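J.: Below you will find the structure I want to go over with you.
The values are calculated or read from the model by the stated rules, or taken from the named source; none is laboratory data. Just so you know, these numbers come straight off a predicted model, no measurement behind them. As a convention, Cβ positions derive from the backbone with ideal geometry for all residues, glycine included, and neighbour counts pool all protein chains shown.
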Amino acid sequence: REKPEHVSRLFIGRDIHSDKVQWGQISMVDAERRLLANALQDIDNQHFVLLSDSCVPLHKFDYVYDYLMGTNLSFIDSFYDPGPHGNFRYSQNMLPEVRESDFRKGSQQWFSVKRQHALMTIADSLYYTKFKLYCKPGMEGGRNCYADEHYMPTLFNMMDPNGIANWSVTHVDWSEGKWHPKAYRAQDVTYGLLKNITSIDMSHHVTSDSK
């Protein structure tokens, strides 16, 4: 946009050029890489968190800050899904750089990465090109591949699998089995719900072959 809609002085000079993004297309990955590239220009930024407009904090700022800064891990959701919404989306055209055994799935829209991993993401062109060309809706064999669900999970699985926690610090509930996660309404948000969410100490991946 020519004129930003915000008025806060905190955002002066921090606007990032935006392009049109289409759901399920590589343009979503482009937007994420563009955000990282701009944030990396500030050398003081050491950890980068991608949130949606519907995310709300479950802990105080100091708790979140200390938690993220106190680890050398990045939080990237990355898991093997042998089902129709996982490795069925893989294309042999990704060979030899990306093998089917390397192909991963995850909630890329909610990541939290250290500076070295943010640099690795924007520096990559080899794997990015493979996903741009061969992971998109309407592919051969009736496959619909969505780069925003597979690019970063696969990239980190191949480049630094021991450097990620393999789960996200953002709570997302996919138990309803729909295309979008569960949305909490005002009447749903109770002390009990918040207590249950903040007490979760493990990540559960539901593969499409188990649905």
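J.: Restricting attention to helices (runs of 4 or more DSSP H) lying wholly within the range 74-165, give those where 2 or more residues are on the phi < 0 side of the Ramachandran plot, buried (at least 23 other Cβ atoms within 10 Å of the Cβ) and among the charged types (D, E, K, R).
T.: 147-159
J.: Do you know which of the residues in the range 1-17 that are surrounded by 10 or more Cβ atoms within 10 Å (Cβ to Cβ) and in a loop (DSSP other than H, G, I, E, B) is modelled with the highest pLDDT?
T.: Filtering the range 1-17 down to residues surrounded by 10 or more Cβ atoms within 10 Å (Cβ to Cβ) leaves 4, 6, 11-12, 14-16.
Subsequent filtering for residues that are in a loop (DSSP other than H, G, I, E, B) retains 4, 6, 12, 14-16.
Working: Pro4: 57, His6: 64, Ile12: 75, Arg14: 76, Asp15: 77, Ile16: 81.
Among them, the one singled out is Ile16.
J.: Which of the residues that make up the range 82-104 are touching a strand residue (DSSP E or B) at 6+ places or on another chain (Cβ under 7 Å) and closer than 15 Å to Arg143 by Cα?
T.: Gly86
J.: Sticking with this structure for a sec: Mind telling me which of the residues Ala31, Ala37 ends up being at pLDDT 95 or above and of a type in the set (Gly, Ala, Ser)?
T.: Ala37
J.: Quick one: in the range 167-208, which of the residues that are of a type in the set (Phe, Trp, Tyr) and touching a residue at least 24 places away in the same chain (Cβ under 8 Å) is surrounded by the fewest Cβ atoms within 10 Å (Cβ to Cβ)?
T.: Within the range 167-208, the match that is surrounded by the fewest Cβ atoms within 10 Å (Cβ to Cβ) is Trp174.
J.: Which ones in the range 154-206 are more than 16 Å from the chain's Cα centre (by Cα), modelled with pLDDT under 80 and farther than 22 Å from Ser74 by Cα?
T.: Ser175, Glu176, Gly177, Lys178, listed by residue number.
J.: Which residue pairs have Cβ atoms closer than 7 Å, lie 6 or more positions apart in sequence or on different chains, and pair a first residue in the range 36-55 that is surrounded by 10 or more Cβ atoms within 10 Å (Cβ to Cβ) with a second residue that is polar (S, T, N, Q) and not in a loop (DSSP other than H, G, I, E, B)?
T.: Partner pairs satisfying both residue conditions: Leu36/Thr121; His47/Ser112; Val49/Ser112.
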